[in-house]
Every structure is written in C-alpha cells, then in structure tokens.
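Q: So that we are looking at the same thing, I have put the structure below in structure tokens.
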C-alpha cells in the first residue's frame, strides 16, 4: 500500500526531473513561471504610508505565501520574507499572513515596511590572518576557504556571527569603517565562503567610500585562478551573460533569466591537463563586474564547472570509488588584486599564493590514483 507521504501517482519524479534534465543538456518542458515584481517600477504596485500592495498573480494559486513572495520578489531573500511574515508585516486580503497558508491567486497582498532582523554585533576573535598589505587606511588579506566574510544580515543566530573574517579583522586591526554597518565593518567587497584569496578592507569611512566608488567604476582589477572540468578549447573567452538569482533554487544564480544584471568575465587558458582522472583546464579569470557566484556561473554556462563546485554541477567525487579524489572546497582562488591607493595614489598589486590544499590537489590529479592514500 502506498505511503501517505508519497506524491500522487504520476508526480513522483516531478520534483527532480528539471534538475536532472538540466545536467543532461536537455531543455525541460516549460513550467508556469511566477511573474517577477519590481516594487520600484511595476505600475500595479501601490505605495501608501509605507505599505506596498499588489494583487497575487493567477500563477500563485496553490503556492504558500512565503514561497510565492520569495519568487515574486527576487531582491528579497526567503529568510527576509520569513522575517516580514513573522513580524506581522504581511497581510493577505486584510488578514495577517501565515507562511504556510496557500494562495488562490487574485488576493490583495500588503507588505508594511522592511524586515527587522534581530541585531547582531560583530565581536573581535583571535583568528590568524594572512595580511598581504596594511597601512593606516586599508589592508589586503588572504582569506582562507571555509571562512565566511561576515554573518548574514537576516540571521538571528549568534553562532553564525563567530569565526568570520570580520571577527578576525576586528581583533587584528581594531577600528574599521562603519559604512557597511555593524555586521560588516570594513567590508568593501566579498568572496564566497569556499573561495580563498585577496580581499581589501577599509579602516575608515572615507577610504571605504572611495574604494566602493573604484569598484563601481571598475577601477579595481581582480584576477582569479580556477580549475575547470573538461577541456576548454579556446585560448581566450569573454563571457557576457547576465546573472540573476534562480527563482526556484534560491541558493543558486543563473544566466537564464532575462532580467539578470550585467556580468563580464575574461577567461584565459593557462594549462590543459590530461590526467588519469580525465581532462581539466587551469584558467585565469579576470572579472569586470562582481556579481554573486559570477565566475562559478559563467564557467558552468560554458559547460565547464569549477572543480569542487557541486552547487553548479561539479561531481563530488572524481575518479574511481577506490583511489579517487575529493576536494572539500571550490578550486577558485582570488590570486591577484591591483588598484591605485585611494589616499596615496600609489599603484598596488597584491598576490595571494595558491593555498597548499589546491597545490596538493593538482599534484594528486596529475599523478593519478596510485598517489591517493
């Protein structure tokens, strides 16, 4: 007798089919898409006394309130949607919304104000730092993989405010700029948790603003090293696909949405590796923009995901079950950061050496299964 928890007959494979066919390079059948709303531009969105209201689209029928809002408003994360609902700031047809309530389509949805996460204050922690450059205005540090740059703004968990780069910076440098707020002091730009390498931080507000302006004007030159699966044929490739958040899998970004933000990555082949584990390509990537997961998404769009990046299609295990390889991080490293010092005018170029775990992984890849313990 079927379990009460099973999906109805005919739908039992539906939840994974889209992801599966995507990995096979087959375009899935089109599914109903929840319309993306832009509260600043959409003519059907009304603003009055800090309350914004709109009508749920017909495609919302059967969706939970929180899931619909997370898809319909791509610039607000699901965590922040939950905060709005928990704070009683969302109403459906005049009644306070519940996250799990199902919509029928056509309801009037009202959102009052902004989400209010419990405040977290970054605290100093004695965590070793690899400082590449430091003066009274700024510092460039070599962030290790596995370390978050800062705690998430929507988090209410004090444990997530431990072990971050910000905690280490506060201990080593003391005062940092306040432009980024109490959770992100000194942070001008970010690196993904599993990406290592050079990152610049500001010690005062004036320097922070000038560095931020340099990033927006593309005056900060960032170069990464990445190991990609497969053989990249062209010596040089420029990827210009726009990037947006995936409306279904919110932890991912995608190049398949028409409303994505401009992103430019210049990919240059450094070495093509033919190994006992298959073919790989070591590349240098220079980015003009700094979109979330940009290099990872652009390489995946080329059919060559970054080694170790299981979020974007890389296998967790490489080679045979016995004697194969696994990399517990992405093979992506911010190797070089060059810019003109915003205060002194001096040209700076900082290089962060490839981490030992990536050097060893390359050696094991070249040597083959006999080298793996």
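Q: Tell me which strands (runs of 3 or more DSSP E) are completely within the stretch 169-252 and hold 3 or more residues being under 19 Å from the mean Cα position of the chain (by Cα) and surrounded by 22 or more Cβ atoms within 10 Å (Cβ to Cβ), or say none if there are none. Break it down stepwise before answering.
A: Numbers: elements: 196-202, 221-229, 236-239.
Qualifying strands (runs of 3 or more DSSP E): 196-202, 221-229.
Q: Does residue 86 fit the bill of being touching a strand residue (DSSP E or B) at 6+ places or on another chain (Cβ under 6 Å), at pLDDT below 95 and outside the structural domain of residue 195 (by TED's automatic domain parsing)?
A: Working: touching a strand residue (DSSP E or B) at 6+ places or on another chain (Cβ under 6 Å): no; at pLDDT below 95: yes; outside the structural domain of residue 195 (by TED's automatic domain parsing): yes.
No.
Q: Something else about it: Specify which of the listed residues (261, 245, 250) is modelled with pLDDT under 95 and touching a helix residue (DSSP H, G or I) at 6+ places or on another chain (Cβ under 8 Å).
A: Working: 261 fails: touching a helix residue (DSSP H, G or I) at 6+ places or on another chain (Cβ under 8 Å); 245 fails: touching a helix residue (DSSP H, G or I) at 6+ places or on another chain (Cβ under 8 Å).
Result of the check over 261, 245, 250: 250.
The values are calculated or read from the model by the stated rules, or taken from the named source; none is laboratory data. Everything numeric here is computed off the predicted structure, so don't read it as measured data. Every residue, glycine among them, receives a Cβ derived from its backbone with ideal geometry; neighbour counts consider all protein chains shown.
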